[in-house]
Amino acid sequence: MHGLGKDKDAIVIYERALKLAPDRGLLHVALVRLYLDTDNWPRAKAHAESAYGMGITLDQTLIDRLANAD
């Protein structure tokens, strides 16, 4: 769904998955990308912090996009 113009649908699905498996850090990474793509900077940053808290490092592209997000 992501990248097919269905980002909002994908967000709903990933958020549901995260409720079922809160220890899956890669779900946070996917949500960072989706929230950046939909210009929801606060949610992107929150999920990035959650991923970092689980020991997951974001790729440089996401780090750069977060740094430039306002």
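Taking the criterion of being touching a residue at least 12 places away in the same chain (Cβ under 8 Å), small (Gly, Ala, Ser) and under 14 Å from residue 69 (Cα atoms), the residues of region 1-58 that qualify are 44, 48. Consider region 9-23 and keep the residues that are of a type in the set (D, E, K, R) and more than 12 Å from the chain's Cα centre (by Cα). The one that is nearest to residue 53 (Cα to Cα) is 23.
Within region 13-43, the set of residues being within 17 Å of residue 56 (Cα to Cα) and not in a helix (DSSP H, G or I) comprises 21, 22, 23, 24. In region 61-70, of all residues being in a helix (DSSP H, G or I) and in contact with a helix residue (DSSP H, G or I) (Cβ under 8 Å, 6 or more places away or on another chain), the one that is least open to solvent (accessible area, probe 1.4 Å) corresponds to 62.
Quick check on region 23-60: of everything there that is among the hydroxyl-bearing types (Ser, Thr, Tyr) and modelled with pLDDT under 95, which residue is surrounded by the fewest Cβ atoms within 10 Å (Cβ to Cβ)? This residue is 57.
The values are calculated or read from the model by the stated rules, or taken from the named source; none is laboratory data. Owing to the predicted nature of the structure, the values given are computational and were not obtained by experimental measurement. Heads up, the Cβs are rebuilt from the backbone with ideal geometry, glycines too, and the neighbour counts pull from every protein chain shown. The protein model used for the area step is the full one, side chains on, heavy atoms only, and it has no ligands, DNA or RNA in it. Shrake-Rupley method; radii C 1.70, N 1.55, O 1.52, S 1.80 Å.
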